[in-house]
Amino acid sequence: MLLDRRTFLMSAASAAALGASGAGFAQAQSGSGGGTHAALNALMERAYQEIILSDPETRTSLGLDKGADAAAKSQLDDRSAAGIRADQQKVRELYRDLRAIPRDGLTGMDAVNYDTVNQYCETVVYAYDNFDYGTHSWPEPYTVSQLGGTYQSMPDFLDSQHAIDTAADAEAYLSRLSAYATQLDNETARLRGEYAMGVIPPDFVIDKTVQQMETVLGTAPAQAGLTTSLARRTAEKNIAGDWAARAERIVSGNIYPAIQRQRDIVRAQRAGATHDAGVWRLPEGPDYYAYGLRYATTTTMNPDEIHQLGLDQIAELSSQADRILRARGLTQGTVAERLGALGRDPQHVYPNTDAGKTQLIADLNTQMADIRRRLPNWFGRLPRAECDIRRVPPAIEAGAPGGYYQSPALDGSRPGAYYINLRDTAEWPKWTLPTLTYHEAVPGHHHQIALALEATDIPMLRRLMGFSAYSEGWGLYSEQLADEMGMYENDPLGRLGYLQSFMFRAARLVVDTGLHHKRWSREQGIRYMVEALGDQESSVTTEVERYCVWPGQATSYKVGQTRWLQLRERARQQLGDRFDIKSFHDTALAAGAMPLAALERVVDDWVAARRA
């Protein structure tokens, strides 16, 4: 199933009981009772079985490709046009059957579950009905880009998620290598249809995509990650067999030719591609962008409102940063210029060497351990799953984001992980790194996602759902929470890094809407971010090009964080002395990810219960 795995599905750790405060909320809110409650739960379970578990890659991500289900481990998701339509039909049927359940009779958690699934289905079914492109996952108009496509995602999936413990696992890996070539060709066939409709990436996206494909093809098959991953892991488990040679034959004879065919199709579009960055130039482009914003923010905010929110917050955050800079004697130039100069100061930059990168990751682990010690004062429930810190694989770091989180496996066989892009350590001045840890690991993504997946009082479908505004909003809220937890009491530069992170997400609101609504050029977006933030042009360029191929996604962070904070402060005002930060956090996280309107209802119910 090619639903968006970043925002609809989240891999899970082994299921565990909720702590007392979270379980109490879920039980108190379990809701409606009777036939309506049973019908809703039955539908949720059926959707989990028919939509989630029908996909072999999702089964692997969840750690559910073992024993009687081991056949899934030899397969990949169907990326053909027919496969996409079949996946979409399952969601259509879920939406149809959900609407047959009376919403008026639902209360508590039943209402949350209904509203969450309903808004997701309503949003994506609208897209299925109105656009002939970019609806197979999140709003991603180009099936293949520098950030999307099987050529880009499959090597990492096979290396990090396809576990190899037995010879059968290694054979399944080889079967997936063969299927990889088939799915590349299925994807290429879809590309031809998209290009015929005029859904062609900007020239700079084509250039970077082709460059990345050439990098893959320029590696000898024997040295390709697809080959060495199998060789390394079978050797580690002492699994006898000529695994490297067999993998190499598939890579050279099947996969590389399929990537070459795809590269040729992509490269052939370069001559007629435009430099225009936004989706406004695509068929039904303005409507497609409105869909992207609706999907990403789970609100009805329009592009102009989001653009203005970004401008207003940049102004306020810059003022706060200015005060810190002035206190350190840095008074000359704009805030961005001073931030840029501080970031380039050699004393704040790790050496761009293997040793320097190793030290950087070690320091991140120290930061994570420090904040973990403080969590019990702010949360009643803590996740059981561990979280590793890893480097983005060098093979994909050129086009990959600066950092991202990967959820743990459902069976506990793989911990959570947050990845940091170390293509150039100069992009990560030391004072900017703590806030990344708090966002991606704890109390950010790992904390929120692991708790949701360890819950037992909400349906499995809901435990596996994700919404970017909720999850990324929480991640950004966690950066502010770290400041409130005292992480920067003796680290004013660390607090400056947190403010710069918020400025960065506010600038995203401006640039994303600028590109896709106000018809800014790529260069305008880069210039705005450099002037507003003082970041290096190399890192800013990667970011702006990301927004070009993921329209709307970058707006989810600040829109979500702003709403999380508004709900918390409104609850604090309403409850006064009865407001408890641990209970607020546990309640809002116990219900799993959801649209922001549903989160508001959860918080309002919690406030009403504490007032009673």
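Where a number appears in this text, it was derived from the coordinates with a stated rule and is not lab data. Note that this is a predicted model, so its numbers are computed, not measured. For neighbour counting, all protein chains shown are included, and Cβ atoms are generated from backbone atoms with ideal geometry for every residue, glycine included.
Rounding to the nearest 20 debye, state how big the charge dipole of the range 30-278 is about its Cα centre with +1 on each Lys and Arg Cβ and -1 on each Asp and Glu Cβ.
Computed about the Cα centre, the dipole is about 460 debye.
Sort 65, 159, 55 so that the residue with the fewest other Cβ atoms within 10 Å of its own Cβ comes first and the one with the most comes last.
By the 10 Å Cβ count, ascending, the order reads 159, 55, 65.
Give the long-range amide H neighbours of residue 388: residues separated by 5 or more places, or on another chain, with amide H under 5 Å away, using H modelled in the peptide plane at 1.01 Å from N.
416, 417, 418
Using 13 Å as the cut-off for backbone N distance, which residues of the range 140-176 belong to the label zone defined by a point 7 Å from the Cα of residue 271 along Cα→Cβ?
The answer is none, because no backbone nitrogen lies closer than 13 Å to the label point.
What distance in nm lies between label points placed 7 Å from Cα along the C-beta direction at residue 92 and residue 207?
Rounded to a tenth, the inter-label distance reads 4.1 nm.
Mind putting a number on the dipole of the chain about its Cα centre? Charges go on the C-beta only, +1 for Lys and Arg and -1 for Asp and Glu, and I need it in Debye to the nearest 20.
Taking the Cα centre of the chain as origin, the dipole is about 400 debye.
Considering the values (1) 28.5, 113; (2) 35.2, 129; (3) 23.6, 69, which represents Rg and Dmax of the Cα atoms in Å as calculated for the structure under consideration?
(3)
Among 289, 48, which comes first, then next, by fewest other beta-carbon atoms within 10 Å?
Arranged by neighbour count, lowest to highest, 289, 48 become 48, 289.
Over the range 196-286, what per residue volume does the convex hull of the Cα atoms give, in whole Å³?
123 Å³
Please find the FRET efficiency linking residue 341 to residue 377, where r is the Cβ-Cβ separation and R0 is fixed at 45 Å, and quote it to the nearest 0.05.
Here the calculated transfer efficiency is 0.75.
For residue 518, go through the lysines and keep the ones whose alpha-carbon is under 27 Å away, minus same-chain ones fewer than eight residues off.
Once the sequence-local lysines are set aside, what remains near residue 518 is 208, 558.
Suppose R0 equals 35 Å. What FRET efficiency, 1/(1 + (r/R0)^6) with r the Cβ-Cβ distance, do residue 122 and residue 386 give to the nearest 0.05?
0.45
Run the simple label-point estimate for residue 223 and residue 523 please: 7 Å along Cα→C-beta, distance reported in nm.
With each label placed 7 Å out from Cα toward Cβ, I get 3.7 nm.
Kirkwood Rh over alpha-carbon pairs of the range 30-278, then Stokes-Einstein at 25 °C and 0.890 mPa s: what D in µm² s⁻¹, rounded to an integer?
The calculation lands on 121 µm²/s.
Run down the lysines and flag those whose C-alpha is under 25 Å from the C-alpha of residue 73, throwing out any fewer than 8 positions away in its chain.
Partners within reach: 90, 237.
Once phi is turned into ³J(HN,Hα) by the Karplus curve 6.51 cos²θ - 1.76 cosθ + 1.60 with θ = phi - 60°, what whole-Hz value does each residue of the range 318-329 show in order, with x for glycine and proline?
Couplings: 4, 5, 5, 5, 4, 5, 5, 4, 5, 5, 9, x Hz.
Got the relative contact order for the range 30-278 handy, in percent, Cα pairs under 8 Å and 6 or more residues apart?
Worked out over the range 30-278, it gives 22 percent.
Within straight cross-link reach of residue 66, meaning Cα distance under 19 Å, which aspartates and glutamates are found once same-chain residues fewer than 8 apart are removed?
Of all the aspartates and glutamates, those that pass the test against residue 66 - Cα under 19 Å, at least 8 places apart if same chain - are 50, 55, 57, 77, 159, 165, 169, 171, 411.
Which value in nm describes the separation of the simple spin-label points at residue 569 and residue 302, placed 7 Å from the Cα toward the beta carbon?
In this crude label model, residue 569 to residue 302 measures out at 2.6 nm.
With point charges of +1 on the Cβ of Lys and Arg and -1 on the Cβ of Asp and Glu, referenced to the Cα centre of the range 30-278, which listed residue (278, 126, 111) lies farthest in the positive direction of the dipole?
278
By how many nm would the segment from residue 320 to residue 71 lengthen if fully extended, with 0.36 nm per residue of separation less the alpha-carbon distance?
84.0 nm
Please give the length that would be gained between residue 424 and residue 361 if that part of the chain were fully extended, namely 0.36 nm times their separation in residues minus their C-alpha to C-alpha distance (nm, one decimal).
21.3 nm
At 222 nm, what value in deg cm²/dmol follows for the chain if DSSP H runs of at least 4 each add -39500 (n - 2.57) and the sum is divided by all its residues, to the nearest 500?
My calculation for the chain gives -19500 deg cm²/dmol from helical runs alone.
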